[in-house]
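Worksheet for the structure shown next.
The values are calculated or read from the model by the stated rules, or taken from the named source; none is laboratory data. If you're wondering where the values come from, they're calculated on a predicted model, not measured in any experiment. Ideal geometry is used to build each Cβ from the backbone, glycine not excepted, and the neighbour counts take in all protein chains shown. We work out accessible area using only protein heavy atoms, side chains counted, and drop any ligands, DNA or RNA first. Shrake-Rupley method; radii C 1.70, N 1.55, O 1.52, S 1.80 Å.
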Amino acid sequence: MDIRAIFMGLTFALIWSSAFTSARIIVLQAPPLTISSLRFAVAGIIAITIAYLLGQRIRLDRKNWRAVIVFGICQNALYLGLFFMAMTRIEASLASIIASAMPLIVGLASALFLGERLGTLGWIGLIAGFAGVALIMGARLSDGIDVIGIVLCIVGVTALAVAALTVRATSSKGNVLMVVGIQMLVGSIALLIPALLFETPSFTWTGSLFAAFSYTVLMPGIVATIIWFLLVERIGATRASTFHFLNPFFGVAIAAVILGEQLTRTDIIGVVIVMAGIFAVQISRQKG
């Protein structure tokens, strides 16, 4: 892993983690599914337009089409759609901590179903990571946190893990922006129907909503996704996933600074345990 890969990984983790704070600002002012569908439509059109201007074209075989569609539904429609719904009920910091369990779920699924070897360090990391998440959620539940919000996050992060496993089957060399744009549009279409069925698409554009929406579209939506694809192509999915161990720290830190969300001693201890668990799992998978 060279300096460029490290810089890409740190940038990805920072941008990805900031999405929870901007999402919290958005969903407190607009219907979560409607604004999510609009977000993906705008991001997809921007990405595809830029890709076309750069000479990229849609060059996907049946296998890659299937992977892009599954990725778009799992990451955008299910993971991000459900997390947007959840953050109408829970704080951004808690959502980011639950989302950070994704590499733990990927590591467990790879070991149980894909035949990937996970050494002693990896299993210890899995146990510690899940224990850290459970510690934080247990403390929050005792304080009366919304259970439905937590359930939505758990389902969403499981879908994200499926998306992370699917990206291995997606070849995007020389065509990254086009692939990113297509999977954004897939997510937008998938969210449009439930948005029309269950929400009233009426909200007022305020300065904070416009700023948070624009940031979410451009940075986590397009820039972070492109960085992730390029990072996976550069060092592989397993090594790239190592940077997810930074997401709990970045997520709670950004929410605390921008939104003023309070962190307890239990939260801090849990975040450290989760980070250590994720790091142990990824190191073990690299050795395997």
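So here's what we get for this one:
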{"quantity": "Residue-normalised accessible area of segment 19-65, given per residue in Å² at a 1.4 Å probe", "calculated": "48"}
{"quantity": "Accessible area of segment 193-234 belonging to carbon and sulfur atoms, whole % at 1.4 Å probe", "calculated": "72"}
{"quantity": "Residue-by-residue Karplus 3J(HN,Hα) for segment 74-80, coefficients 6.51, -1.76, 1.60, Hz, glycine and proline x", "calculated": "5, 6, 7, 6, 7, 4, 6"}
{"quantity": "Extension reserve of the residue 272-residue 139 stretch, reckoned as 0.36 nm per residue once the Cα distance is removed", "calculated": "46.4 nm"}
{"quantity": "Span-like helix ranges in the chain, DSSP H, alpha carbon extent 30 angstrom or more, Kyte mean at least 0.5", "calculated": "3-27, 32-53, 120-142, 176-198, 265-287"}
{"quantity": "Lys, Arg +1 and Asp, Glu -1 on Cβ, resulting dipole of segment 1-92 about Cα centre, debye, nearest 20", "calculated": "300"}
{"quantity": "q = 0.09 Å⁻¹: log10 I(q)/I(0) that the Debye formula gives for the chain, counting C-alpha atoms only", "calculated": "-0.40"}
{"quantity": "Segment residue 148-residue 3, length gained on full extension (0.36 nm per residue, minus Cα span)", "calculated": "48.0 nm"}
{"quantity": "Cβ-based net charge around residue 32, under 12 Å, with every Lys or Arg adding one and every Asp or Glu removing one", "calculated": "+2"}
{"quantity": "Residues in segment 66-103 reached by a label modelled at residue 112 [backbone nitrogen below 15 Å; 7 Å Cα→Cβ]", "calculated": "102-103"}
{"quantity": "Full-stretch length increase - residue 11, residue 120 - with 0.36 nm per residue and alpha-carbon distance subtracted", "calculated": "36.2 nm"}
